[in-house]
Structure formats: structure tokens, C-alpha cells
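**Q** Next up is a structure, given as C-alpha cells.
Throughout, read-outs are computed from the coordinates displayed, never taken from laboratory work. Owing to the predicted nature of the structure, the values given are computational and were not obtained by experimental measurement. Cβ placement follows ideal geometry from the backbone for every residue including glycine, while neighbour counts extend to all protein chains displayed.
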Amino acid sequence: MEAKTPKESLTILTDMVLPAETNALNNLFGGELLARMDRACSIAAQRHSKRIVVTASVNHVAFNKAVPVGSVVILEAKVSRAFTSSMEIYVDVWTEDRESGQKTKVNEGIYTFVAVDRTGTPVKVPPISPETDLEKERFESALRRKQLSLVLSGRMKPSDATELKALFTS
Ligand SMILES: CC(C)(COP(=O)(O)OP(=O)(O)OC[C@H]1O[C@@H](n2cnc3c(N)ncnc32)[C@H](O)[C@@H]1OP(=O)(O)O)[C@@H](O)C(=O)NCCC(=O)NCCS
């Protein structure tokens, strides 16, 4: 299969925060943000693979800054690495200032999606060829995150997680 670039999967979701989507502090409810992230990542994974995709794992989410009601929220998702049937998708979350239009990074998430056929069986996806420095950095570290996710879900023995072990021995 021919390699694709991360930008071919770029998915941008722009929406606002309504009162029904907030917590007791009138900030965006975490579960609502997770759902939006999942949707954006799902579309990015479909764009890369051109297949049905399912969420296999949420590898990391950082709720760094609260997002108040009324905010304009922008999610930018891109495939950072493709393996055999699985893809890592990075989603960066920004808010946009009403008057200046300036964007501030507030949160980020890293998801794993798997491409499947109509019976739910995993199928191969095209490889990815990163272009920018950030894309290259995310590509390089993706195998480490995949191994961590597999170890945490009991799908890989810690002793087989070579990339993780290298972190602590270098
Ligand atoms: C994800 C799923 C398709 C994996 O199927 P499986 O039969 O276990 O297939 P495999 O073991 O061959 O795994 C397929 C790929 O997923 C990856 N994978 C599976 N679980 C993973 C996890 N927790 N973290 C990271 N990658 C994972 C495997 O490493 C493999 O990747 P690769 O082909 O790129 O090397 C299957 O578990 C599933 O359908 N889960 C439910 C998905 C779903 O409904 N999501 C929505 C939740 S509401």
C-alpha cells in the first residue's frame, strides 16, 4: 500500500460549548469533550484507511485547561502513525478568542483506532509518512505508546515492551 501523509487525514471540528454540556462550574464536561475527540479521531482514521474504524483504546487525555460555557472549541485530529491494522490519532484541542480570533491550546488526546471489515475483522491500513517536525516526533514516539497501551490492557507482556524498556535504560 502507498504511504499517505498525516495531513491527508486532517479533521477539524469547530463547535461551541452549550449550557447542557457543562459541569457544576459551567465548564465543558470532560465526557462531552471525550465524545467530540472520539468523533474527530474516528473521521481522521477513516480518511486515512478508507475503511470502517473502531476505537480500540484511549491512550492519553490531558484536561489541562477548563473550557467555559460559550467558548468556541476547535479539535484538530490527524493520524500520527499507522501500524498493521491500527492507527494512532492525535487530537489537539484549542479555544478561539471571540474578539481577536486567537487560538489557545487547551487539551489534547491520543486515541487508537483499528480498521475493520464488515464482520469486525481487522484489515491492513496504508503506512504513514510524517512531514513536519511535530509529525515526525509523534510518529517516532507512537510505538512506545502502543506498547504501553497493549501492556496496560494485558495484550502484551511487559518483558516484550522493548520500546518502553529502552526509555528506562538509556
Ligand atoms: C479493537 C478490536 C477490533 C481488536 O480486535 P482483535 O481481534 O483483538 O485484533 P488484534 O489482536 O489483531 O488487534 C488488532 C490491532 O489492534 C491493536 N490493538 C488492540 N487493542 C489495543 C489496545 N488496547 N491498544 C492499542 N492497540 C490495540 C493491536 O495491536 C493490533 O494492531 P496492529 O494490527 O496494527 O498490529 C476489537 O477488540 C474490537 O472490536 N473491540 C471493540 C471496538 C469498539 O466497539 N469500540 C467502541 C467502544 S464503545
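**Q** Any chance you could run the full-extension gain for Glu131 through Ser100? It's 0.36 nm times the residue separation minus the Cα-Cα distance, nm to one decimal.
**A** Using 0.36 nm per residue and subtracting the Cα-Cα distance, I get 8.2 nm.
**Q** Further question on the same structure: How big is the dipole moment of the range 6-129 about its Cα centre under a simple scheme where the beta carbon of each Lys and Arg is +1, that of each Asp and Glu is -1, and everything else is neutral? Debye, nearest 20, please.
**A** Roughly 480 debye for the range 6-129.
**Q** Quick query: amide H of Ala56 versus all other amide H atoms, modeled in the peptide plane; which residues come in under 5 Å with a sequence gap of 5 or more or a different chain?
**A** Amide H to amide H, under 5 Å and 5 or more residues apart or across chains, Ala56 pairs with Thr112, Phe113, Val114.
**Q** Mind checking the angle between helix 30-49 and the chain's longest principal axis? C-alpha axes, 0 to 90 degrees, to the nearest 10.
**A** Orientation of helix 30-49: about 50 degrees from the principal axis.
**Q** Computed FRET efficiency, Cβ-Cβ of Thr169 and Ala3, R0 30 Å: what is it to the nearest 0.05?
**A** It comes out at approximately 0.45.
**Q** So who's got an amide H within less than 5 Å of the one on Met16, skipping anything under 5 residues away but keeping other chains? H placed 1.01 Å off N, in plane.
**A** It is Val73, by chain and number.
**Q** Same structure, new question: DSSP loop (so not H, G, I, E, B), at most 16 other Cβ within 10 Å: list which chymotrypsin sites (Phe, Trp or Tyr not before Pro) in the range 1-93 pass both filters.
**A** In loop regions of the range 1-93 (DSSP not H, G, I, E or B), the sparsely surrounded chymotrypsin sites (Phe, Trp or Tyr not before Pro) are Phe29, Phe83.
**Q** Between Thr132, Ser80, Pro158, whose Cα lies farthest towards the positive end of the dipole of the range 43-170 when Lys and Arg beta carbons carry +1 and Asp and Glu beta carbons carry -1, centred on the Cα centre?
**A** Of the listed residues, the answer is Pro158.
**Q** Convex hull volume of the Cα atoms in the chain, per residue, in Å³?
**A** 146 Å³
**Q** Helix 133-152 versus the longest principal axis of the chain: what angle, 0 to 90°, nearest 10, using Cα atoms?
**A** Relative to the chain, helix 133-152 is tipped by roughly 70 degrees.
**Q** If you rank Lys165, Lys157 by fewest surrounding Cβ atoms within 10 Å, what's the result?
**A** By the 10 Å Cβ count, ascending, the order reads Lys157, Lys165.
**Q** A further question follows. Shape verdict for the range 103-142, please, from the Cα gyration tensor: rounded (a/c under 1.5), prolate (a/b greater than b/c) or oblate.
**A** It comes out oblate by the Cα gyration axes.
**Q** List the GluC sites (Glu not before Pro) within the range 61-170 that DSSP assigns to loop and that have no more than 16 neighbouring Cβ atoms inside 10 Å.
**A** Glu99, Glu131
**Q** Now a separate question. Rg (Å, one decimal) plus Dmax (Å, integer) for the alpha carbons of the range 118-170?
**A** Calculated on Cα positions, Rg and Dmax stand at 14.0, 43 Å.
**Q** Relative contact order of the range 6-129, please, whole-number percent, based on alpha carbon pairs below 8 angstrom and at least 6 residues apart.
**A** Relative contact order here is 31 percent.
**Q** Specify whether the C-alpha gyration tensor of the range 73-151 places it in the rounded, prolate or oblate class, a ≥ b ≥ c being the square roots of the eigenvalues: rounded for a/c under 1.5, otherwise prolate if a/b is larger than b/c and oblate if not.
**A** prolate
**Q** Filter the trypsin sites (Lys or Arg not before Pro) in the range 1-71 to those in DSSP coil with at most 15 other Cβ atoms within 10 Å of their Cβ, and list the result.
**A** Hits after loop and neighbour filter: Lys50, Lys65.
**Q** Right, next: What's the local net charge at Val123, with K and R +1, D and E -1, over the other residues with C-beta under 12 Å away?
**A** +3
**Q** What does the charge count near Asn59 come to, summing +1 for each Lys or Arg and -1 for each Asp or Glu among other residues with Cβ under 9 Å from its Cβ?
**A** Computed value for this residue: +1.
**Q** Counting only the backbone N, which residues of the range 37-79 are under 16 Å from the spot 7 Å out from the Cα of Arg118 toward its beta-carbon?
**A** Those under the cut-off are 51-53.
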